[in-house]
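Worksheet for the structure shown next.
The values are calculated or read from the model by the stated rules, or taken from the named source; none is laboratory data. Keep in mind the model is a prediction, meaning the values are calculated, not measured. When we count neighbours, we look across all protein chains shown, and the Cβ atoms used for this are built from the backbone with ideal geometry, even at glycine.
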Amino acid sequence: MIEARGLSKRFQDKKRGEIRAVDNVSFTCQPGKIYGLLGANGAGKTTTLRMLATILEPTDGTAIVCGHDVVEQPKKSAKTSVSFPLPRPSIAGSPPKNLWNISAASMA
């Protein structure tokens, strides 16, 4: 199971000041179900996935991935349970496949 609890991420930009990439996001994904994370460009979808995969640390809130807290137990949570493939480059003129995927290996 994946559960986000008040997940937020802010960045500091020298010109624009504080940037809120993700602001207080909460959701639960049950095992065996397929979910989509939809939003406009710049809405924080990739930043949210990066926090779930422990690539980025949340500014506020946390998430539980397979029973492990991504803030308190990052090595036990997503680093051992989540895959985060990058988009494939264009091959022989076909458009790139922008598929981001989080799949928990063991949902016990």
Next on the checklist: Scan segment 30-46 and tell me whether some residue there is surrounded by 13 or more Cβ atoms within 10 Å (Cβ to Cβ) and either touching a strand residue (DSSP E or B) at 6+ places or on another chain (Cβ under 6 Å) or modelled with pLDDT of 95 or more (or both).
Outcome noted: yes
Next on the checklist: All but one of (1) over 16 Å from residue 1 (Cβ atoms); (2) in a strand (DSSP E or B); (3) touching a residue at least 12 places away in the same chain (Cβ under 8 Å) hold for residue 47; state the number of the condition that does not hold.
Outcome noted: (2)
Item to check | Tally of residues being assigned to a loop (DSSP other than H, G, I, E, B) and either in contact with a Phe, Trp or Tyr (Cβ under 9 Å, 6 or more places away or on another chain) or of a type outside the set (A, V, I, L, M) (or both) across segment 20-44 | outcome: 11
Next on the checklist: Return the pair list, or none, for Cβ contacts closer than 7 Å from residues in segment 21-36 that are in contact (Cβ under 8 Å) with a residue 12 or more places away in the chain to residues that are acidic (Asp, Glu) and outside any loop (DSSP other than H, G, I, E, B), at least 6 apart or on different chains.
Outcome noted: 28/3
